[in-house]
Amino acid sequence: SFPGFYDLFDDVVVENAYSNSLGRTDVAGCCWWKRGALMTGGRCAFGKLNKYVGKEAADDRGIYVYPDIDFCSNPGVICEHIRTHELRWLIGFLDW
């Protein structure tokens with residue numbers, strides 16, 4: 001089920017998925033939507049974030065920036081964590 005979207009031009013709520021530039025509406029295997037300063041989204045972006053500063057960085061390479069955060073299993077932590085403002089800026093810098 002999709003939440004739909006508001007069509008500004010026709011002034012109606014459309015109750016199906018908004019397609020991407022290729023016309024695709026499926027989100028199988030990539031269910032995380034945009035988060036943070038630059039609207040980070042998708043498996044690749046969250047995977048990189050986890051690899052460089054998250055739980056994977058701590059587990060695999062001993063880099064303890066956010067060792068308690070697994071961005072892949074819970075991307076929403078960016079908006080929910082006690083250090084949310086710091087995380088949002090960090091994402092912006094990493095993406096930049």
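Only the coordinates and a few stated rules stand behind these numbers; no lab work does. Here the structure is a predicted model, which means the values were calculated and not measured. Here the Cβ is made from the backbone with ideal geometry for all residues, glycine too, and neighbour counts use every protein chain on show.
Treating r as the C-beta distance of D7 and S73 and R0 as 35 Å, the FRET efficiency rounds to 0.55. Take the Cα of K51, step 7 Å toward its Cβ, do the same at I82, and the gap between the two points is 3.0 nm. Ranked by the mean number of other Cβ atoms within 10 Å of their residues, highest first, the peptides 69-78, 55-64, 85-94, 5-14 fall in the order 69-78, 85-94, 55-64, 5-14.
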